[in-house]
Amino acid sequence: MRFSRRASWDLRPNRLAQLLEARRLSGEPILDLTESNPTRADLPYPAAQILEALAQRRVLCDAPAAQGLPVAREAIAAYYTSRGYPVDPARVFCTASTSEAYSFAFKLLCDPGDEILVPSPSYPLFEFLAALESVRPVPYPLVYHDGWEIDLAALRDAVSPATRILVVVNPNNPTGSFLKKKELATLREIGLRHGLTLVSDEVFGDYAFGPDPERVQTLATEEAVSCLSLSGLSKVVGLPQVKLGWVVVSGPDAAAVCERLEVVADTYLSVSTTAQLGAPALLALRPRLGRAIAERIGENWRCLPEILGARTPCSVLRCEGGWYATLQLPRTRSEEEWVLGLLETQGVLVHPGHFFDFPGEPYAVLSLLTAPATWRQGVARLGDFLSA
Ligand SMILES: Cc1ncc(COP(=O)(O)O)c(C=O)c1O
């Protein structure tokens, strides 16, 4: 059997996956500090309202619309407008997830072998999303100086004649760092000089621990440079199973981009009518669901240092929001030794930093969405293990 080079993955499970599987099979308990599926995090979902939003008579009729049904696009535009960023529904495209939104952007703007600039450390799926569209992800570093920032000099150096897209994750996963106005000024300049489109992944944009006037909230109303802003119900209201994401097109070439993006979307017509018709009522749940998620991550973030204890030999890296916390662990063991040891002896699961391409090691990444009881117990055991 011969597979394409795009699909030439090494599918052998790593040591952590093997250990986890063995533990699950033997029925030993696991305190999972990586749970980032909101529907499994013991959040107070209003089940009846969600089901009512999805069970409408109109879903019985198929009315295909490449860009997305107006009712869904209007609700998505209203989400931006309610946050102070007026968006025209004509600039909104529905997709079946943010992942699909990325794939549309890469298809629209890149030829095979072209390059996209992606932040590092960041979202591990870029490697796969890029490979499946036959484009090459080129990392640009975020650096940590008592807070994360883009290494703008390294970003400039990473641009090549093959670069087409500059991806920004705002706030970034897992560093929780937002794009700053000063950084955006440089991104605009680089974008304009090299004819790049900015793809701004804003799925965690609603989740900041506090205000910051220097922060860029969204590029959905950007005028100077060509932008595609991505988000979806998966994080905005914690409903990944509905499979509704979107792209907002902005910038000087918006009309031309929309014309061709419509052809890409029309080729697949992948967004379900049910998800689109449900969008207004589901987005109307944002004050409730978004707040429940924000309270969960805020509370877990605030109590993290206290549970770890002042004497635990690790540092919690500064983070402005998002769904993750990063710990820098003592160098007395390798990252793999820490993470495997933690699971084997304490039953506590964390993400190793290399999963997100952290520079150097050892780091551990924890999901702030974790249910409170698991969080308290898991973090306490982590603290004991690091201190032992
Ligand atoms: C930065 C980032 N973008 C996109 C996604 C995926 O979003 P969706 O479920 O809409 O594909 C995730 C999921 O964790 C993410 O971390």
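When DSSP assigns beta bridges and you keep just the ones with both residues in segment 178-332, what percent turn out antiparallel, to the nearest 5?
Working: 10 of 14 bridges.
Bridges in segment 178-332 that DSSP calls antiparallel: roughly 70 percent.
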Got a number for the accessible area of residue 334? Probe 1.4 Å, square angstrom, nearest 10.
40
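How much length is gained on full extension from residue 263 to residue 306, taking 0.36 nm per residue of separation minus their Cα-Cα distance? Working shown, then result.
Values: separation 43, 0.36 × 43 = 15.48 nm, distance 5.29 nm.
So the extension gain works out to 10.2 nm.
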Other-chain or far-sequence residues with amide H under 5 Å of residue 169's (modelled H):
201
Would you calculate a helix-derived [θ] at 222 nm for the chain, using -39,500 (n - 2.57) for each DSSP H run of n ≥ 4 and dividing by the full residue count, to the nearest 500?
-11500 deg cm²/dmol
Shape descriptor, the chain: equivalent ellipsoid semi-axes (Cα gyration tensor, sqrt 5λ, whole Å, largest first) stand at 34, 26, 21
Determine the equivalent ellipsoid of segment 220-356 by diagonalising the alpha-carbon gyration tensor, then write out the semi-axes as square roots of 5 times the eigenvalues, largest first, rounded to whole Å.
39, 19, 17
Gained length - residue 78 relative to residue 294, 0.36 nm times residue gap less alpha-carbon distance:
75.7 nm
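Taking the Cα centre of segment 65-147 as the origin, how large is its charge dipole in debye, to the nearest 20, when only Lys and Arg (+1) and Asp and Glu (-1) carry charge on their Cβ atoms? Mind dumping the intermediate values first?
Numbers: 5 positive and 9 negative charges, 54 e Å.
Computed about the Cα centre, the dipole is about 260 debye.
Stokes-Einstein D for segment 193-234 at 37 °C, 0.692 mPa s, Kirkwood Rh over Cα pairs, in µm²/s?
279
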Starting from the Cα of residue 235, draw a straight line to each of the lysines and keep only those under 23 Å, dropping any in the same chain fewer than 8 residues away.
180, 243
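Per residue, how large is the accessible surface of the chain? Use a 1.4 angstrom probe and give square angstrom.
Working: 17760 Å² over 388 residues.
Heavy-atom SASA per residue in the chain reads 46 Å².
Just the projected area, averaged over all directions, of the convex hull on the alpha carbon atoms of segment 69-140: how many nm²? Mind showing how you got there, number by number?
Numbers: hull surface 23.4 nm².
Averaging across all directions leaves 5.9 nm² for the Cα convex hull.
Translational D (Stokes-Einstein, µm²/s) of segment 1-68 at 10 °C and 1.306 mPa s when Rh comes from the Kirkwood sum over C-alpha pairs? Don't skip to the end; give the middle numbers.
Values: Rh = 17.7 Å.
So the translational diffusion coefficient is about 90 µm²/s.
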Assigned charges on the beta-carbon of Lys, Arg, Asp, Glu; the chain dipole about Cα centre (debye):
480
From the backbone phi of segment 263-276, what are the Karplus-calculated ³J(HN,Hα) couplings (6.51 cos²θ - 1.76 cosθ + 1.60, θ = phi - 60°) in whole Hz, Gly and Pro given as x?
5, 4, 5, 5, 5, 9, 6, 8, 7, 6, 4, 4, 5, 5
Projected onto their principal axes, the Cα atoms of segment 237-318 stretch, largest extent first, over whole-Å spans of 58, 31, 21
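The values are calculated or read from the model by the stated rules, or taken from the named source; none is laboratory data. Remember, predicted model here, so these are calculated numbers, not experimental data. Every residue, glycine as well, gets a Cβ built from its backbone with ideal geometry; the counts of neighbours run over all protein chains shown. Quick note on the areas: whole protein, heavy atoms, side chains included, nothing else; ligands and nucleic acids left out. Shrake-Rupley method; radii C 1.70, N 1.55, O 1.52, S 1.80 Å.
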